[in-house]
Amino acid sequence: MKNILALAFLALSIIGCSDEKDTTFLITKDSVGKLDRISLARDIEIIYENDSIVKDSTVINTSNNSKKIKIFEKGGKQLLTLTPSSDSIPTIENIRIEDGRYLTDKGIGLTSTFKDIKDNYTIRKVITSMNNVVILLKDSDVYFTISKEELPSSLRYASSVNIEAVQIPDDAKIKYMMVAWE
């Protein structure tokens with residue numbers, strides 16, 4: 001009887017473990033890999049204790065004195081660039097995804113195309129800048145930047161034209177993938 005109970009317990013343990021999902025590179029509403037929405041900037045060394053952390057020693061934005069923090073995995077590959085908030089107890093406000101292994105819960109990452117984005121998300125707004133277009137999503141803190149080089153030539157050089165989502169080619173590659181937590 002003990003052997004049957006032990007075997008049943010072992011089987012349940014194995015089944016339970018197989019359902020666990022690796023979240024090391026998963027982007028959700030409240031997390032980006034090991035980092036979550038309420039993580040404090042001062043805890044970055046603890047959260048990424050097995051990785052390399054490079055802090056920017058220059059002031060990026062004089063209005064809030066924020067400094068960028070770059071996270072590299074051991075071996076040198078850059079994973080993330082973090083920008084802390086200017087609060088009295090800073091959290092992480094902006095995250096730039098640098099590694100293609102990071103994917104949203106819908107499977108979208110740096111190697112995805114504009115078609116992948118529009119097939120999986122509702123686009124809230126497209127913002128046109130001089131060299132890029134920024135894709136803002138409805139009900140998500142993730143946003144994407146696509147270079148104007150990915151657009152038809154008639155749209156690339158027109159600085160005053162507001163570009164619509166329908167004008168962006170399906171095969172346009174993502175230049176930057178960001179997460180903004182407020």
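Only the coordinates and a few stated rules stand behind these numbers; no lab work does. Since the model is a prediction, treat every value here as computed from it, not as a measurement.
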Between LEU80 and residues 5 or more places away or on another chain, which pairs have amide H atoms under 5 Å apart, with H built 1.01 Å from N, and which residues are they? ILE71, GLU98
Whole-Hz couplings from phi, Karplus 6.51/-1.76/1.60, listed for region 122-137; x for Gly and Pro: 8, 7, 7, 7, 10, 9, 9, 10, 4, 10, 9, 10, 10, 9, 9, 9
Roughly speaking, what is the stretch gain from MET178 to ARG96, that is 0.36 nm per residue apart minus the C-alpha to C-alpha distance, in nm to one decimal? 29.1 nm
Which of the aspartates and glutamates could a cross-linker span from LYS125 if the Cα-Cα distance has to be under 17 Å and same-chain partners fewer than 8 positions apart are dropped? ASP116, ASP139, ASP141, GLU164, ASP170
What are the ³J(HN,Hα) couplings of region 93-101, residue after residue, when phi is run through the Karplus curve with 6.51, -1.76, 1.60 and θ = phi - 60°? Round to Hz, x for glycine and proline. 9, 10, 10, 9, 7, 10, 10, x, 6
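Considering every pair of different Cα atoms, what Kirkwood radius, in Å, is found for region 106-182?
12.5
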Calculate the tail of P(r) for region 21-105: the fraction of all Cα-Cα distances greater than 22 Å, expressed in %. 21
